[in-house]
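In what follows, a structure is listed as structure tokens, so that the remarks can point back to it.
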């Protein structure tokens, strides 16, 4: 079984090349064209990604994250959402790497099998880095009007965050 999984990708690549050659397609030229398009797309979305990363760094370094967390703490206590998870809930839609750093801190402080550790882990799997994803996808196609996408994605993230706490509480105590 181990050998089959190790050979899966090379066999798939060989199969694609063989299929293309049987149809008279110049597979190497197609590969080069695809690589060129990918590089052009990367260059086109780079300004959006740089702006997003700078904004995230400034937000965390300025202390605004801690200030916003303390500001929303009373609302969180009403819905029984742990205030320790608030920084993660605020950063998750913006940055995956910042979110992972916050989860690492939570796991280090409280442990992987703690209620907070489990909630953070479920939250990471139940939500998306919405703004990063939108910057990449909409930047790739030069779309400026996102219409309802941001609102719907943030609502889905909010539901995932709240549900993660309640599901962990229900399933694991």
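The values are calculated or read from the model by the stated rules, or taken from the named source; none is laboratory data. Just so it is clear, the structure is predicted and the values come from calculations on it, not from any experiment. A quick note on method: Cβ atoms are made from the backbone with ideal geometry, for glycine too, and the neighbour counts reach across all protein chains shown.
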Taking segment 83-126 and keeping only residues that are farther than 21 Å from residue 151 by Cα, in contact with a helix residue (DSSP H, G or I) (Cβ under 6 Å, 6 or more places away or on another chain) and part of a loop (DSSP other than H, G, I, E, B), one is left with 111
Answer from 68, 52 - the residue that is closer than 19 Å to residue 129 by Cβ and touching a residue at least 24 places away in the same chain (Cβ under 8 Å): 52
From (1) under 23 Å from residue 46 (Cα atoms); (2) surrounded by fewer than 16 Cβ atoms within 10 Å (Cβ to Cβ), pick out the condition that doesn't hold for residue 70. (1)
Looking at (1) part of a helix (DSSP H, G or I); (2) in contact with a helix residue (DSSP H, G or I) (Cβ under 9 Å, 6 or more places away or on another chain); (3) over 22 Å from residue 69 (Cα atoms), which is the one condition that is false for residue 170? (2)
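Is it the case that residue 137 is buried (at least 18 other Cβ atoms within 10 Å of the Cβ) and either on the phi < 0 side of the Ramachandran plot or modelled with pLDDT under 85 (or both)? Spell out how you get there, then give the answer.
Working: buried (at least 18 other Cβ atoms within 10 Å of the Cβ): no; either on the phi < 0 side of the Ramachandran plot or modelled with pLDDT under 85 (or both): yes.
No, not satisfied.
Kindly evaluate residue 87 against the criterion of being within 17 Å of the chain's Cα centre (by Cα), without any contact (Cβ under 8 Å) to a residue 24 or more places away in the chain and either within 22 Å of residue 130 (Cα to Cα) or surrounded by 13 or more Cβ atoms within 10 Å (Cβ to Cβ) (or both).
Yes, satisfied.
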Segment 142-156, subset surrounded by 12 or more Cβ atoms within 10 Å (Cβ to Cβ) and assigned to a loop (DSSP other than H, G, I, E, B), residue nearest to the chain's Cα centre (by Cα): 146
Pairs only if they're at least six apart or on different chains, beta carbon under 8 angstrom, first in segment 29-42 and under 14 Å from residue 141 (Cα atoms), second assigned to a helix (DSSP H, G or I); list them, first residue then second. 41/140
Failed condition for residue 49, given (1) within 19 Å of residue 157 (Cβ to Cβ); (2) surrounded by 11 or more Cβ atoms within 10 Å (Cβ to Cβ); (3) in contact with a helix residue (DSSP H, G or I) (Cβ under 8 Å, 6 or more places away or on another chain): (1)
Can you name the condition, by its number, that residue 117 falls short on among (1) surrounded by fewer than 18 Cβ atoms within 10 Å (Cβ to Cβ); (2) free of Cβ contacts under 8 Å to residues at least 24 places away in the same chain? (1)
Return the residue satisfying two criteria in turn: it lies in segment 1-17 and is more than 26 Å from residue 29 (Cβ to Cβ) and assigned to a helix (DSSP H, G or I), and of such residues it is modelled with the lowest pLDDT. 2
